[in-house]
Amino acid sequence: MRKVLLLLVLSSLPIFAQNVTVAEDKPVTNLREGRFYYPTISPDGTSLLYTKNNYQGLWSRNLKTGKTIKVSNAMSAGYEPSFDETSGEIIFREDQFIKGKRTTSLSSFNTSNKVKRVLEKGIRDLRICRSTQNVFQSYVNDTNTPVRINKGMSVQSTVAQKTAYVDGNHITISDNSSKKELQPMGEGNYIWVSLSSDRTKLLFTFAGKGTYVSDLDGNILKVVGYANYPSWSADGNWILFMKDIDDGIRVISSNIYIVNYYSGKYYKLTSDENNIKLYPTWGAGNSEIFYNTDDGQIRELLLKFE
Amino acid sequence: MKKIILTLISFLVLGTITLFAQSLAGYKICINPGHGGHDSNDREIILDDGIVFWESDGNLAKGLYLKAMLQNLGATVVMTRETNTTADDLPLSQIVAIANTNNVDYFHAIHSNATGTSTKSNYTLILFQGHTNAPTYPGSLVMANYLADNINKADRTVNKMVYGDFDFYGTGQPYLGVFKGLNMPGTLSEGSFHDYFPEAYRLKSEGYLKHEAWGIARAFLQYFSGGNFQTGILAGIVRDIQVKVPSSYSPLNTFDSYKPINNVKVTLQPGGIVYNGDNFNNGYYLFDNVNPGNYKLIFEFSNGIPPDTMDVTAVKNESVFYDKFSSLNPVLDPPSIVNYSPADSSVAVSNTSNIVLEFSNFMNYQETEKAITISPTIAGNFKWENDFKKISFIPSKSLTQGTKYSVSISRNAKSIFGIHLNQDKTFSFTTRSELKLLSTYPTNNLTDVSTTVLINVKFEKGIDGTTLGGRISLNDANGNSIPATVKSLGSVDGLISFEPKTPLDNDATYRINLKAGIGDVEYVTLASSIVIEFQTEKRYTFTGNVIEDFETNNVWQSPLNSPNTKGITVSQTSFSLSTERKKSGTYSGNINYQFSDSTGLIDLSLLNPILLTATPQASIGVWIFGDNSKNIIEYKFLRQGTNEAKVKVDTLNWTGWKLKKVLLTDVPGSGTIQFQGINVVQTRVGSTSGRLFFDDCTSDIITDVKLAEGLPATYQLEQNYPNPFNPSTVIGYQLPAAGNVTLKVYDVLGREVATLVDVFQQAGHYKILLSTDKYHLASGIYFYRLEAGNFVSTKKLILLK
């Protein structure tokens, strides 16, 4: 945790940057390796997770050596993976459908010794709660009770920190002592829900209406607008998102933006040329952004704040 | 929405008893009613009278009905939208995120289709991610097939298709955005085509939309092994028999060509449940969640014509359709039968006959079909034509031969206006009892049959070739089977033709065996076996001079170019040199002909008539492969260079090669005689078409037709005659045994200038014509050389020009 905090201090983005430019847009994977999507960075920034277009399988790439290992071939393994706070092990889900019904195992994978462990089996309606830096916090099952993983990588029922997750048509904010159900925009579908790193603000998208920031009582603090797949920067000053446009059949264009939470100033980080840029995620250094192209290449944006 | 709630109440009332026999409890399903918001990617269709169909409306209605059905089954349902505003046209990424966020077990998107062109279609298409045979999620393909079956049945689309998007769009990669990123199985249904106008009107019907939702719900029950609905659906369309839709609707079937009737009130009894038809030109009604059993539907029309009823049966987990024809201008006269077939008491009726009834009024097809009884019972289907005034019963297999059938139609048959048939009607007919053999060639006990006979067996109907195996054969007197080549199986005209692969023996007895069981195309069979016995011709030896061998083009004038040819069908008449048959050499002359009236004549003339030597016993003959047509062959001559004379040769009452000769003394007139050609003259009893082959016109037949004195004992090459010669001469030779034979001509330098024979020949006497025209020989001395077996002989000949 100390390492993470140090990294935060060193790399925090300026709150009131005058301008943000992209210093470099470089490939991480190439299409000869395969088509990969939905990148997720480790808290220490040393490894990048990615998966297939339908989240089947999970790969971990050491960003220093470029070496890639396959963590899992399971369905949904690449959906919202995370990292254990102390061990750095990858914590991820593995789904199976029996007679059409989905059940999920929660598993961990140690990239050093390549040992995989199943932490919990037969979970229905699994939701993984993770921090802005993809640190595993807890998981929620169909009983809607958050469950933690202790240092020994076994489950325990107590949850110290606030977590936010979607439960049906509302957002639930839960910790050890309380559980609050919010519908900040009323009845509808809430997606892409996350808490800011200080756990005081809630970022979410209300399907069809847009992306918002509210307090933990559901009071709207900021209207972000049309901003899909939004995520907080580690310092809570910035929100990263994509503006994807489709024709009802497939996505026809998409670009990546960040918006300063306080100034409200938007920065378009990619151009309409070349490929369609989707599913951006912050790098550990916060001046890095990873994303995937529509045809399955993982790329990295290096930002320059002036 | 109010309407949806009302209809939901109706099925709850009917179906509460059995609602819990099936379940989806514990499953989470995401339903995505496609498009939204009447915006640019919605695909509206502007119909008559300003009626507009928006795909987003239809998709949403189906989705909401489906949501209610699935929730009643205990499922948790996540809807991507429940209203239809611009904001509801969600980005694909949000649709996928909704399904993923909610951890649903299955995702399904509801759409309708459009060709976007003037070509009209109306099939059900189900798409999923992956290759068609290798889906990303195996469950998607399983569900896609369930969806295709059930939606196709509910919508009654003309066809159903299931495709993976990799293949459907031909990219080999994920294509549809609504599947990209889904972490569970998913499908997209294009239930039917909303730019097919009759379908667009149906998609305006709440009942129709709900019916498709039932189809999807049934598919989910199958997919999750949730059991079957214990209730059923009764549905149908009420149409006006007297009003057709505009041709611009491009109806894809007979039913869609009739205009639906608006605002029909349909009541289900018992129960008193009412379905009020809308005014969107679809005539649709639906009763869902109906307990299995018998009911009565009462149809009431807006213009006050008398209500009509229909007996119906509900079946669990099934949609049973009862379409109704009526009219806002009813004809209330009792219908009568104005025509029917087969005729009453008729016999020898084709075993593939349909039973046809024609009525004076538009008939209620269900009631009328039920009122028809056929005895003995036959499996088959009814087909209606002429605005439901004509019904045909089409047996699924042939009628039984030699059987008397009785057809009854009772007064229970009704017009579409509910008026009973004026009276009962019964008629009967008897089918053909057996397949009849009309003729054969050779006829039974015929003698002097050519050894190259073409055997013809003529039945009264086209023959089913599958019945011939082992049932037809040619045998010698000892019962040995003679190998034969089949020329015709008689599948159309009943004429079976075959010929021996090698000439038959002379003066021998043969039998054609036709066994019982040979069947025709009406599945009527030959009742008992038949044997036809015939005797071949005696062994004859012919010697003479071949004056024309049908080996060279431009010797004969086509009958089509002769002013004497008449009464023919030009397109079916021709003359050519043919390799199909020949008496000797490589070619024969072949005439195919068809007469167009009763006095036809085919004139085949030599371009240059051949002068004959008119000695007292002189004769001329032509080898003719007859066609047994019963027409007449005549030879044509010129006397004294100008006077045409004809001699009747014979009636064409044979097949196979025969030398047909006439004596020159029979040629009328006086003076020199030139052979001019051959005529085929139509007779009253003759066939109007046929095929003839001619070969080796032979004159100066030195040895008249005689009984052979035996085969030659030795090889011999004769001196040519005449010699010297111009322009032709005849070379004779004899063979004591069969073998390969060559007869070639060489010049004085030993160069080969003509090959007259190069074939396998039987033992016998042979005469070969050498023509200078054919081989372009100059005056001079030549040598001709015969090689046969070990025999070689060379003689000299002189050509003087």
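Have a look at A:Tyr38, A:Tyr55 and point out the one that is within 12 Å of chain B (Cβ to nearest Cβ) and not in a strand (DSSP E or B). Before you say what the answer is, go through the steps one by one.
Values: A:Tyr38 fails: not in a strand (DSSP E or B).
Going through A:Tyr38, A:Tyr55 in turn, the sole match is A:Tyr55.
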Fill in: Filter result for B:Leu66 (within 11 Å of chain A (Cβ to nearest Cβ) and surrounded by 23 or more Cβ atoms within 10 Å (Cβ to Cβ))
no
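Among residues belonging to the stretch B:735-746 that are assigned to a strand (DSSP E or B) and in contact with a Gly (Cβ under 7 Å, 6 or more places away or on another chain), point out the one that is farthest from B:Thr502 (Cα to Cα). Write out each step before concluding.
Filtering the stretch B:735-746 down to residues assigned to a strand (DSSP E or B) leaves B:735, B:739-746.
Okay, now just the ones that are also in contact with a Gly (Cβ under 7 Å, 6 or more places away or on another chain), so B:735, B:739.
Numbers: B:Leu735: 19, B:Gly739: 15 Å.
If we take residues in the stretch B:735-746 being assigned to a strand (DSSP E or B) and in contact with a Gly (Cβ under 7 Å, 6 or more places away or on another chain), then B:Leu735 is farthest from B:Thr502 (Cα to Cα).
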Item to complete: Mind listing just one residue for me: the one in the stretch B:204-263 that is in contact (Cβ under 8 Å) with a residue 60 or more places away in the chain and among the aromatic types (Phe, Trp, Tyr) and, of those, surrounded by the fewest Cβ atoms within 10 Å (Cβ to Cβ)?
Response: B:Phe255
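Please tell me if B:Ile372 is modelled with pLDDT of 95 or more, under 28 Å from B:Asp240 (Cβ atoms) and of a type in the set (A, V, I, L, M). Steps first, answer last, please.
Working: modelled with pLDDT of 95 or more: yes; under 28 Å from B:Asp240 (Cβ atoms): yes; of a type in the set (A, V, I, L, M): yes.
Here the answer is yes, as B:Ile372 does meet what is asked.
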Worksheet entry | Within the stretch B:360-373, tally of residues that are surrounded by fewer than 17 Cβ atoms within 10 Å (Cβ to Cβ) and either over 28 Å from B:Thr430 (Cα atoms) or in contact with a Ser or Thr (Cβ under 8 Å, 6 or more places away or on another chain) (or both) | 1
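Would you check which residues across the stretch B:509-531 are of a type in the set (Val, Ile, Thr) and over 34 Å from the mean Cα position of the chain (by Cα) and list them? Steps first, please.
Of the stretch B:509-531, the ones of a type in the set (Val, Ile, Thr) are B:509, B:512, B:518, B:521, B:524-525, B:530-531.
Listed by number, the list holds a single entry, B:Thr509.
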Practice prompt. Sort out which residues of the stretch A:98-127 are out of contact with any helix residue (DSSP H, G or I) (no Cβ under 6 Å at 6 or more places or on another chain) and either among the aromatic types (Phe, Trp, Tyr) or within 11 Å of another protein chain (Cβ to nearest Cβ) (or both), and write them in order of number.
Written response: A:Ile98, A:Lys99, A:Lys101, A:Arg102, A:Thr103, A:Thr104, A:Phe109, A:Ile123, A:Arg124, A:Asp125, A:Leu126, A:Arg127
Discussion item. Being surrounded by 14 or more Cβ atoms within 10 Å (Cβ to Cβ) and either in contact (Cβ under 8 Å) with a residue 60 or more places away in the chain or in a loop (DSSP other than H, G, I, E, B) (or both) is the filter here; which residues of the stretch A:172-182 pass it?
Written reply: A:Asp175
Discussion item. If A:Ser197 meets every condition in (1) buried (at least 19 other Cβ atoms within 10 Å of the Cβ); (2) in contact (Cβ under 8 Å) with a residue 40 or more places away in the chain; (3) more than 14 Å from chain B (Cβ to nearest Cβ) apart from one, which number is that one?
Written reply: (1)
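Of the residues A:Thr51, A:Thr68, only one is at pLDDT 95 or above and over 24 Å from A:Thr270 (Cα atoms); which? Walk me through it before giving the result.
Working: A:Thr51 fails: over 24 Å from A:Thr270 (Cα atoms).
Criteria check complete, one pass: A:Thr68.
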Discussion item. Condition check: in the same structural domain as B:Leu24 (by TED's automatic domain parsing) and in contact (Cβ under 8 Å) with a residue 60 or more places away in the chain. Does B:Lys180 satisfy that?
Written reply: yes
Worksheet, complete the sentence: B:Ala154 passes all but one of the listed conditions (1) on the phi < 0 side of the Ramachandran plot; (2) surrounded by fewer than 21 Cβ atoms within 10 Å (Cβ to Cβ); the exception is number (2)
Worksheet item: For the stretch B:748-798, which residues satisfy the criterion of being within 13 Å of B:Tyr733 (Cβ to Cβ), at pLDDT below 80 and hydroxyl-bearing (Ser, Thr, Tyr)?
Response: none
Worksheet entry | Count of the stretch B:164-199 residues which are away from every other protein chain (no Cβ under 12 Å), part of a helix (DSSP H, G or I) and surrounded by 22 or more Cβ atoms within 10 Å (Cβ to Cβ) | 3
Fill in: Checking B:Ile391 against (1) part of a strand (DSSP E or B); (2) under 30 Å from B:Ile355 (Cα atoms); (3) not assigned by TED's automatic domain parsing to the domain that holds B:Tyr365, the condition it does not meet
(3)
Practice prompt. Check whether at least one residue in the stretch A:288-297 is in contact with a Pro (Cβ under 7 Å, 6 or more places away or on another chain), within 14 Å of another protein chain (Cβ to nearest Cβ), surrounded by 20 or more Cβ atoms within 10 Å (Cβ to Cβ) and free of Cβ contacts under 8 Å to residues at least 60 places away in the same chain, and report yes or no.
Written response: no
Worksheet item: Of everything in the stretch B:293-344 that's modelled with pLDDT of 95 or more and among the acidic types (Asp, Glu), which residue is surrounded by the most Cβ atoms within 10 Å (Cβ to Cβ)?
Response: B:Glu318
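Checking the structure you have, find out if any residue of the stretch B:574-584 is touching a helix residue (DSSP H, G or I) at 6+ places or on another chain (Cβ under 8 Å), modelled with pLDDT of 95 or more and at negative phi.
Taking the stretch B:574-584 first, the residues touching a helix residue (DSSP H, G or I) at 6+ places or on another chain (Cβ under 8 Å) are B:574-575.
This time we only want the ones that are modelled with pLDDT of 95 or more, so: B:574-575.
If we keep only those that are at negative phi as well, we get B:574-575.
Yes: the stretch B:574-584 contains one or more residues that are touching a helix residue (DSSP H, G or I) at 6+ places or on another chain (Cβ under 8 Å), modelled with pLDDT of 95 or more and at negative phi.
Go through the stretch B:668-685 and give me each residue that's farther than 28 Å from B:Val730 by Cβ and surrounded by 22 or more Cβ atoms within 10 Å (Cβ to Cβ).
At the first step, the residues of the stretch B:668-685 found to be farther than 28 Å from B:Val730 by Cβ are B:681-685.
Within the stretch B:668-685, just B:Gln682 meets the criteria.
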Discussion item. With the requirement that a residue be within 13 Å of another protein chain (Cβ to nearest Cβ) and small (Gly, Ala, Ser), what does the stretch A:232-263 give you?
Written reply: A:Gly248, A:Ser253, A:Ser254
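Per-residue answers, yes or no, for (1) surrounded by fewer than 22 Cβ atoms within 10 Å (Cβ to Cβ); (2) within 13 Å of chain A (Cβ to nearest Cβ):
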| position | (1), (2) |
| --- | --- |
| B:Thr80 | no, yes |
| B:Asn84 | yes, yes |
| B:Leu90 | no, yes |
| B:His108 | no, yes |
| B:Ile126 | no, no |
| B:Pro135 | no, yes |
| B:Pro138 | yes, yes |
| B:Asn150 | no, no |
Practice prompt. Could you tell me which numbered condition B:Thr119 fails, if it satisfies all but one of (1) without any contact (Cβ under 8 Å) to a residue 12 or more places away in the chain; (2) outside any loop (DSSP other than H, G, I, E, B); (3) away from chain A (no Cβ under 14 Å)?
Written response: (2)
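The values are calculated or read from the model by the stated rules, or taken from the named source; none is laboratory data. None of these values were measured; they are calculated from a predicted model. Counting neighbours? That spans all protein chains shown, and the Cβs are built from the backbone with ideal geometry, glycine included.
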